[in-house]
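Notes for the one structure printed next.
The values are calculated or read from the model by the stated rules, or taken from the named source; none is laboratory data. Just so it is clear, the model here is predicted, and its values are computed rather than measured. Every residue, glycine as well, gets a Cβ built from its backbone with ideal geometry; the counts of neighbours run over all protein chains shown. Just so you know, the surface numbers come from the protein's heavy atoms only, side chains and all, with ligands and any DNA or RNA stripped out. Shrake-Rupley method; radii C 1.70, N 1.55, O 1.52, S 1.80 Å.
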Amino acid sequence: MEKTDRTYAVTKSEDEWRAELSPAEYQVLRQAGTERPYVGEYTDTKTEGVYACRACGAELFTSGTKFDSHCGWPSFYSPLAGDSVEYIEDHSMGMKRVEVRCASCGSHLGHVFEGEGYDTPTDQRFCINSISMTLRPAAGA
Ligand SMILES: [Zn+2]
């Protein structure tokens, strides 16, 4: 992944991350990998709750902004709070995309796309890997 100058609240060495995360989690969160579409555990999840960073536990998204994009990955139209994620221009794969990372630990979450015409309040699609998150179901959900 591209290094940034940012200092994160949660800072660990790559060896520490490797020890804490499964190989599949490490590959997405710390090496900006992408899960295959339609296989992630939260792609179609409707359970009410909060999605937290699987690397550091920071709360990132809520089920209230999750929508059916039919793109194969969990999609949200906004983050839980403006400062819960950070944005990095990504020029890999010959395209200009905007990468979304956890603002607390810098782990890779997915990408955000804009202006695709989805019927949501923001017209943004945060396309996030299931494996980057842990769903904390709401009480009673
Ligand atoms: Zn994190």
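Structure above, values below:
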{"read-out": "Within region 10-33, considering residues that are in contact with a helix residue (DSSP H, G or I) (Cβ under 7 Å, 6 or more places away or on another chain) and more than 15 Å from the ligand (Cβ to nearest atom), the one least open to solvent (accessible area, probe 1.4 Å)", "value": "Gly33"}
{"read-out": "Criterion violated by Met95 - all others in (1) more than 15 Å from the ligand (Cβ to nearest atom); (2) surrounded by fewer than 20 Cβ atoms within 10 Å (Cβ to Cβ); (3) at pLDDT 95 or above satisfied", "value": "(3)"}
{"read-out": "Check on Ala55, in a loop (DSSP other than H, G, I, E, B), modelled with pLDDT of 95 or more and either surrounded by 18 or more Cβ atoms within 10 Å (Cβ to Cβ) or within 16 Å of the ligand (Cβ to nearest atom) (or both)", "value": "yes"}
{"read-out": "Sole exception among (1) touching a residue at least 24 places away in the same chain (Cβ under 8 Å); (2) within 16 Å of the ligand (Cβ to nearest atom); (3) part of a loop (DSSP other than H, G, I, E, B); (4) open to solvent by 40 Å² or more (accessible area, probe 1.4 Å) for Thr7, by number", "value": "(1)"}
{"read-out": "Leading residue by the ranking (most open to solvent (accessible area, probe 1.4 Å)) among those in region 101-137 that are closer than 21 Å to Thr4 by Cβ and outside any strand (DSSP E or B)", "value": "Ser104"}
